[in-house]
Amino acid sequence: MTDYKNLKLIATSSPHIRGSETTRGIMTDVIIAMLPALAYACINFGLRALTLTAVSVAGCIFFEWLYRRLMKRPQSIQDLSCVVTGMLLAFVCPVQIPYWMILIGDFFAIVLVKQLFGGIGKNFVNPALAGRAILLASYAGSMTSWVDPAVNKAAILGSNVDVVTAATPLAYMKGTDPVALAESFSNLTGTYSVSQMFLGQTGGSLGEVSALLLIIGGVYLIWRKVINWQTPVAYIGTVAVLTFLFPKAGSALDWMLYSIFGGGLMLGAFFMATDYATSPVTKKGQLVFGIGCGLFTVLIRYFGSYNEGVCYSIMVMNLFVALIDKYTKPTRFGIVKSEKEASAK
């Protein structure tokens with residue numbers, strides 16, 4: 001029998017295993033996963049969806065390049081993370097907002113949220129969501145006016161396009177008076193069917209309306225092992241369970257389906273809540289994170305003044321990531337439970 005007590009082991013510093021994945025490769029997969037939703041946005045809202053996304057991406061690339069140059073740091077635009085941020089910020093904005101406005105969001109996302117904290121992997125909240133939050137706080141009117149895709153397509157050029165605005169599905173589901181809310185939800189179900197909600201034939205932000213294509217993109221990321229299933233499944237599942245158990249109007253099933261297919265839930269669950277820098281690293285922690293995002297989303301939608309809750313729920317949970325990782329980290333081999341509890345204090 002081997003004398004393990006007297007066995008001499010040579011330990012080297014981590015990492016012990018190197019994978020073939022690169023940041024650029026991961027970001028390329030994320031971009032590929034978003035392309036179907038972008039293509040549908042061009043069909044749904046017109047080619048201005050493409051030009052707005054292009055302007056946002058160009059703005060993020062420029063601001064990251066300029067900041068790194070001014071600070072005399074190595075350039076990082078080649079890792080494509082700024083491209084992903086630009087696409088995501090465009091995806092969570094109405095298609096008709098002025099180009100200069102989304103450039104302001106790009107500046108906040110890249111410079112103030114990402115680069116000032118050290119660059120990729122060091123930001124504590126999702127840059128694209130932070131950029132959207134700044135735009136919503138500063139330009140609430142423009143950020144809450146939506147194009148009706150059934151009436152017209154936005155123009156390719158120009159910032160003040162002549163569009164017909166319409167309420168989003170979540171706007172129909174907002175209210176405190178039971179009678180008025182029941183009537184409003186009835187109007188919603190009469191205006192948009194569940195299949196239209198699922199396919200994305202509704203008003204809303206540029207890249208969040210088609211649940212089908214966002215799910216396809218999310219499944220692609222899971223298949224490519226870019227993200228884990230725990231966070232999106234826990235997030236969407238929590239919203240589904242809570243809205244089914246506590247419907248505010250109509251049948252429980254209809255209220256649940258319109259809740260999960262409306263707004264930015266699918267986009268947030270697959271593409272933003274799974275951000276490496278701002279989400280837990282443990283699988284148990286990812287489940288906790290997803291449940292927390294779902295809980296805050298429903299609370300904001302039910303009791304807040306804002307129709308949507310995905311943006312703020314993810315950013316709130318971003319602040320708890322370090323705490324979640326601390327209490328969900330696995331026990332190291334050879335460490336007894338009492339020692340683990342002592343190390344956590």
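The values are calculated or read from the model by the stated rules, or taken from the named source; none is laboratory data. Since the model is a prediction, treat every value here as computed from it, not as a measurement. For neighbour counting, all protein chains shown are included, and Cβ atoms are generated from backbone atoms with ideal geometry for every residue, glycine included. We work out accessible area using only protein heavy atoms, side chains counted, and drop any ligands, DNA or RNA first. Shrake-Rupley method; radii C 1.70, N 1.55, O 1.52, S 1.80 Å.
Conditions tested, residue by residue: (1) part of a helix (DSSP H, G or I); (2) surrounded by fewer than 20 Cβ atoms within 10 Å (Cβ to Cβ); (3) of a type in the set (V, I, T).
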residue	(1), (2), (3)
G217	yes, no, no
Y220	yes, yes, no
N228	no, yes, no
P232	yes, no, no
I236	yes, no, yes
V239	yes, no, yes
L253	yes, yes, no
M266	yes, no, no
Residue match in the range 232-247 (condition: touching a residue at least 40 places away in the same chain (Cβ under 8 Å) and over 20 Å from I300 (Cβ atoms))
yes
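Please find, within the range 52-84, the residue that is modelled with the lowest pLDDT out of those that are hydroxyl-bearing (S, T, Y) and either within 21 Å of the chain's Cα centre (by Cα) or open to solvent by 50 Å² or more (accessible area, probe 1.4 Å) (or both). Give the derivation first.
Taking the range 52-84 first, the residues hydroxyl-bearing (S, T, Y) are 53, 56, 67, 76, 81.
Next, from what is left, pick out any that are either within 21 Å of the chain's Cα centre (by Cα) or open to solvent by 50 Å² or more (accessible area, probe 1.4 Å) (or both): 53, 56, 81.
Working: T53: 95, S56: 96, S81: 92.
For the range 52-84, the residue satisfying everything is S81.
Mind checking whether some residue in the range 65-78 is among the hydroxyl-bearing types (S, T, Y) and over 19 Å from G264 (Cβ atoms)? Outline the logic, then answer.
Taking the range 65-78 and keeping what is among the hydroxyl-bearing types (S, T, Y), we get 67, 76.
When the remaining residues are screened for being over 19 Å from G264 (Cβ atoms), the result is 67, 76.
Yes, the conditions are met somewhere in the range 65-78.
Just to be sure before I move on: is F261 open to solvent by 10 Å² or more (accessible area, probe 1.4 Å), hydrophobic (A, V, I, L, M, F, W, C) and either touching a strand residue (DSSP E or B) at 6+ places or on another chain (Cβ under 6 Å) or under 30 Å from P330 (Cα atoms) (or both) in the structure I sent?
Details: open to solvent by 10 Å² or more (accessible area, probe 1.4 Å): yes; hydrophobic (A, V, I, L, M, F, W, C): yes; either touching a strand residue (DSSP E or B) at 6+ places or on another chain (Cβ under 6 Å) or under 30 Å from P330 (Cα atoms) (or both): no.
Taking the combined requirement at face value, the residue does not satisfy it.
Rundown of residues vs (1) in a helix (DSSP H, G or I); (2) in contact (Cβ under 8 Å) with a residue 40 or more places away in the chain; (3) under 22 Å from V84 (Cα atoms); (4) of a type in the set (S, T, Y), yes/no style:
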| residue | (1), (2), (3), (4) |
| --- | --- |
| L287 | yes, yes, no, no |
| V298 | yes, yes, no, no |
| S305 | no, no, no, yes |
| C311 | yes, yes, yes, no |
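Which is at pLDDT 85 or above and closer than 28 Å to S56 by Cα, of L242, L214?
Details: L242 fails: closer than 28 Å to S56 by Cα.
Exactly one residue qualifies, and that residue is L214.
From the list E208, E183, pick out the single residue that is among the acidic types (D, E) and in contact (Cβ under 8 Å) with a residue 60 or more places away in the chain. Steps first, please.
On the way: E183 fails: in contact (Cβ under 8 Å) with a residue 60 or more places away in the chain.
Going through E208, E183 in turn, just one is among the acidic types (D, E) and in contact (Cβ under 8 Å) with a residue 60 or more places away in the chain: E208.
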